[in-house]
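The values are calculated or read from the model by the stated rules, or taken from the named source; none is laboratory data. Because the structure is a prediction, the values reported are computed rather than measured. Positions of Cβ are generated from backbone atoms using ideal geometry, with glycine treated the same way; all protein chains shown enter the neighbour counts. Heavy atoms of the whole protein, side chains included, go into the accessibility calculation; ligands, DNA and RNA do not. Shrake-Rupley method; radii C 1.70, N 1.55, O 1.52, S 1.80 Å.
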Amino acid sequence: DVETILQRQATSSNKIKKLLDDKPISDWIETGKELHKDKTECEFCGNALPTDLLTKLNEHFSKDYDQLKTDIGSKLNALNASKIVLSNPLPTETAFYTDIQTDFRTKKPLLETEITKFNTLITSLITDLESKKEKPFDKLELTAFTDNTEALNTALSDFNTVIANNDKRTSEFTTGKNAAIEKLKQHF
């Protein structure tokens, strides 16, 4: 999706070179265009607006331009929402049985590394889209990246297996304890 957006070029029936060359002025004019809708006098200087000025600006800032900006905004929101932010920290080593801790020490760093890689990838895509916001009339290339979704899912699954093994041992503890007591009673 990001690559498709980066390749799109906003169409305009009448591009204004000054606005293409100077992004801060372009942003200022775009904001001011909305402020001057249906007005005949400039809100900044008080002079009369040229009769064709708003028409020229509307041709430059076309519906396609507005749609591209909307698409970029919605994709930025989706990417920001897809970053992995742990609401609770991962468990610590001391929460696991001693013989499971070795497996925990192996799996936790792998998961943390894959989460970091994933978030870095998302940040790269966000940076590309921010660049596109600055250059809506140009085709841009996607920054090269390696999708680690599969590795992330594997690391998560492996980590969850360690947790499940620890939880299973905890849930079976009472049963095992009772069986050991019965065995001791039978022995005596």
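Kindly evaluate LYS75 against the criterion of being open to solvent by less than 40 Å² (accessible area, probe 1.4 Å), in a helix (DSSP H, G or I), in contact (Cβ under 8 Å) with a residue 24 or more places away in the chain and of a type in the set (D, E, K, R). Steps first, answer last, please.
Working: open to solvent by less than 40 Å² (accessible area, probe 1.4 Å): no; in a helix (DSSP H, G or I): yes; in contact (Cβ under 8 Å) with a residue 24 or more places away in the chain: yes; of a type in the set (D, E, K, R): yes.
Answer is no for this residue.
Output the residue which, of all residues in region 128-157 that are closer than 12 Å to GLN7 by Cβ, charged (D, E, K, R) and at pLDDT 90 or above, is nearest to the chain's Cα centre (by Cα).
The residue in question is ASP128.
Go through region 4-55 and report how many residues are among the aliphatic types (A, V, I, L, M) and in contact with a His (Cβ under 9 Å, 6 or more places away or on another chain).
Within region 4-55, the subset among the aliphatic types (A, V, I, L, M) is 5-6, 10, 16, 19-20, 25, 29, 35, 48-49, 53-54.
Among the residues that remain, those that are also in contact with a His (Cβ under 9 Å, 6 or more places away or on another chain) are: 16, 19-20, 29, 49, 53-54.
Qualifying residue count for the region: 7.
Which ranges mark the helices (runs of 4 or more DSSP H) fully within region 94-188 that have 1 or more residues being open to solvent by less than 60 Å² (accessible area, probe 1.4 Å) and of a type in the set (Val, Ile, Thr)? I'd like the intermediate steps shown before the answer.
Values: elements: 98-134, 149-171, 173-187.
Of the helices (runs of 4 or more DSSP H) lying wholly inside region 94-188, those with at least 1 residues that are open to solvent by less than 60 Å² (accessible area, probe 1.4 Å) and of a type in the set (Val, Ile, Thr) span 98-134, 149-171.
For region 1-54, which residues satisfy the criterion of being aromatic (Phe, Trp, Tyr) and either open to solvent by less than 90 Å² (accessible area, probe 1.4 Å) or under 33 Å from the mean Cα position of the chain (by Cα) (or both)?
Kept after step one, since they are aromatic (Phe, Trp, Tyr), are these residues of region 1-54: 28, 44.
Matches in region 1-54: TRP28 only.
Only one residue in ILE163, ILE122, ILE115 is among the aliphatic types (A, V, I, L, M) and more than 27 Å from the chain's Cα centre (by Cα), so which one is that? If you could, list the steps in order and put the result at the bottom.
Numbers: ILE122 fails: more than 27 Å from the chain's Cα centre (by Cα); ILE115 fails: more than 27 Å from the chain's Cα centre (by Cα).
That would be ILE163, the only listed residue that is among the aliphatic types (A, V, I, L, M) and more than 27 Å from the chain's Cα centre (by Cα).
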